[in-house]
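Only one structure is covered here, and it is reproduced in the block below.
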């Protein structure tokens with residue numbers, strides 16, 4: 001059960017209606033039972049560099065056996081409702097969100 005992002009505000013947008021704490025507790029419970037525990041992060045959903053660092057630190061502090069880093073790939077004809085638009089500044093540190101409509105790869 002991946003958390004995908006440890007920044008709670010962005011998590012709430014990615015996992016609408018799902019408990020951040022509930023998912024984290026499920027991994028802790030699985031680890032306590034001796035199960036293999038995995039976590040990961042999803043990139044390209046409008047997260048900041050600071051939110052990426054927060055996620056890495058969050059995974060470091062948990063009893064996980066393996067981690068993965070995944071890249072969001074928008075599907076043609078869909079919109080990413082989870083992406084945030086980057087600031088107008090050219091120095092924005094946000095990853096670029098999916099355009100509307102999402103381009104094809």
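The values are calculated or read from the model by the stated rules, or taken from the named source; none is laboratory data. As the structure is a prediction and not an experimental result, all values here were calculated from the model. Glycine also receives a Cβ, built like all others from the backbone with ideal geometry; neighbour counts cover every protein chain displayed.
Filtering the range 7-20 to residues that are without any contact (Cβ under 8 Å) to a residue 60 or more places away in the chain and either surrounded by fewer than 19 Cβ atoms within 10 Å (Cβ to Cβ) or in contact with a strand residue (DSSP E or B) (Cβ under 8 Å, 6 or more places away or on another chain) (or both) leaves 8, 9, 11, 12, 15, 16, 17, 18, 19, 20.
Of the set (1) under 14 Å from the mean Cα position of the chain (by Cα); (2) surrounded by fewer than 15 Cβ atoms within 10 Å (Cβ to Cβ); (3) at pLDDT below 90, all apply to residue 70 but (3). Within the range 21-36, none of the residues are surrounded by 15 or more Cβ atoms within 10 Å (Cβ to Cβ) and in a loop (DSSP other than H, G, I, E, B). Within the range 37-59, the only residue that satisfies the criterion of being part of a loop (DSSP other than H, G, I, E, B) and without any contact (Cβ under 8 Å) to a residue 40 or more places away in the chain is 37. Take the conditions (1) loosely packed, with under 12 Cβ neighbours inside 10 Å; (2) at pLDDT 65 or above; residue 81 misses just one of them, which is (2).
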